[in-house]
1. How long is the gain from ARG109 to VAL132 if the chain were fully straight, where each residue apart is worth 0.36 nm and the alpha carbon distance is subtracted?
2. How much of the accessible area of segment 9-52, in percent, comes from carbon and sulfur atoms when a 1.4 Å probe is used?
3. Cα convex hull of segment 15-96: how many Å³ per residue?
4. Of the peptides 54-60, 27-33, how do they stack up when ordered by the mean number of other Cβ atoms within 10 Å, highest first?
5. Find the centroid of the Cα atoms in segment 102-132 and in segment 3-57, then give the distance between the two in whole Å.
6. Could you work out how far helix 5-15 tilts from the main Cα principal axis of the chain, as a 0 to 90 degree angle to the nearest 10?
7. Starting from the Cα-Cα distance between TRP19 and VAL82, subtract it from 0.36 nm times their residue separation and give me the gain in nm to one decimal.
8. If I compute Rg and Dmax of the Cα atoms in Å from the structure I just sent, which labelled value in [x] 13.2, 38; [y] 14.8, 44; [z] 13.9, 45 lines up?
Amino acid sequence: MTMTTAEADKILSANFAPWVLDLGLCVEAVGEDRAILRLPWSERLAREGGGLSGQALMAAADTATVIAVSAARGGFVPMTTVQQSTSFQRAVTGSDVLIEAVLTKLGRRMAFADITLSDAASGALAARASTVYALMG
């Protein structure tokens, strides 16, 4: 059975630090091997010049991976980031960002994902990331 967005939002609210919750992320969709989250535009997250900060985008990619792994496993399990690599391709100004994390491999102890971050208004690709997680439970 596929996890619902409401269940995924509960995982988000119950398992992340307050500063991550302050990003305002919400789960748009979940599947057996993926999750799509929305990062709402906020002046608080913008850098000088109006572009959304890379730190916010990287935290959103990391968070989306946790939700994707949780959806694939049927619920939250303790996990930790082992590696994250992000390539920024264009600034996002004045628009929400859609973050899609797709699991490329899910083992018993490790998970691997590719993440795309896109400007929600234009659909333009803003960044790509890859993550590796150690599953603790």
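The values are calculated or read from the model by the stated rules, or taken from the named source; none is laboratory data. It should be emphasised that the depicted structure is a prediction, and the values quoted were computed from it without experimental measurement. Every residue, glycine among them, receives a Cβ derived from its backbone with ideal geometry; neighbour counts consider all protein chains shown. Accessible surface is based on the protein model in full, side chains and every heavy atom, while ligands, DNA and RNA are left aside. Shrake-Rupley method; radii C 1.70, N 1.55, O 1.52, S 1.80 Å.
1. Between ARG109 and VAL132, full extension yields an extra 7.2 nm.
2. 49 percent
3. Working: hull volume 8.5 nm³, N = 82.
Looking at segment 15-96, the number lands at 103 Å³ per residue.
4. On the way: 54-60: 19.4, 27-33: 17.4.
With the highest mean Cβ count within 10 Å placed first, the list reads 54-60, 27-33.
5. Segment 102-132 and segment 3-57 have Cα centres separated by 13 Å.
6. 90 degrees
7. Details: separation 63, 0.36 × 63 = 22.68 nm, distance 2.04 nm.
Result: 20.6 nm gained on full extension.
8. Calculated Rg and Dmax of the Cα atoms in Å: the matching label is [z].
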